[in-house]
Amino acid sequence: MTNSLSVEPGVERRSEPRMPITRNALIRAQDGSVVKSQVVDVSPSGLRIRYRGKGLEAGSEVDVIYPLVDSRATVAWTVRSDQWIETGLHVTAEDKDETIDLVELLSIAVAPV
C-alpha cells in the first residue's frame, strides 16, 4: 500500500508560524476524562501538547483548560513516541477573538513567573 501524501524530510508543512512555550494545561476529553499536559508550542489557530497515557482520537473535541481561559479544540493528529504522546489541537471558536485570546494567554506565559 502506498501513501499518496509525499513528504520530503526537512520541508516545513505548517501554514502558520509556531511559538515554542512550556506551560501546563488540562485537557478534558469527550468522555469526561482529564489529561494533564504540557503545551509545547502555539500558533494563531492552535497548539501542540505533550502528555502520557491514552492518546486522544483525531477528530474528537476537547476542552483546553488553562488559567484564566477555557477553550474548545479539535484533535488534528496524535503521535506516540517511546515516552510521550504528542497531539496537535486546532482551537475552535465561534469567533476569531476567542482563538486569539487563548493563543495570547498561552504566549504571554512564555516568560517565567
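I'd like the residue in the stretch 20-65 that is among the hydrophobic types (A, V, I, L, M, F, W, C) and more than 12 Å from the chain's Cα centre (by Cα) and, out of all such residues, is farthest from T78 (Cα to Cα). Quick ask: steps written out before the conclusion?
Of the residues in the stretch 20-65, the ones among the hydrophobic types (A, V, I, L, M, F, W, C) are 21, 25-27, 29, 34-35, 39-40, 42, 47, 49, 56, 58, 62, 64-65.
Keeping just the survivors that are more than 12 Å from the chain's Cα centre (by Cα) gives 29, 34-35.
Values: A29: 14, V34: 16, V35: 14 Å.
By that ranking, first place goes to V34.
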So which residues in the stretch 68-85 are within 17 Å of R23 (Cα to Cα), in a loop (DSSP other than H, G, I, E, B) and not aliphatic (A, V, I, L, M)? W84
Report every pair of residues separated by at least 6 positions or lying on different chains whose Cβ atoms are under 9 Å apart, first residue within the stretch 52-64 and more than 12 Å from G32 (Cα to Cα), second of a type in the set (D, E, K, R) and surrounded by 14 or more Cβ atoms within 10 Å (Cβ to Cβ). V64/R28; V64/R72
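Coordinate-derived values only; no laboratory data. Because the structure is a prediction, the values reported are computed rather than measured. Don't worry about glycine lacking a Cβ; one is built from the backbone with ideal geometry, like all the others, and counts go over all protein chains shown.
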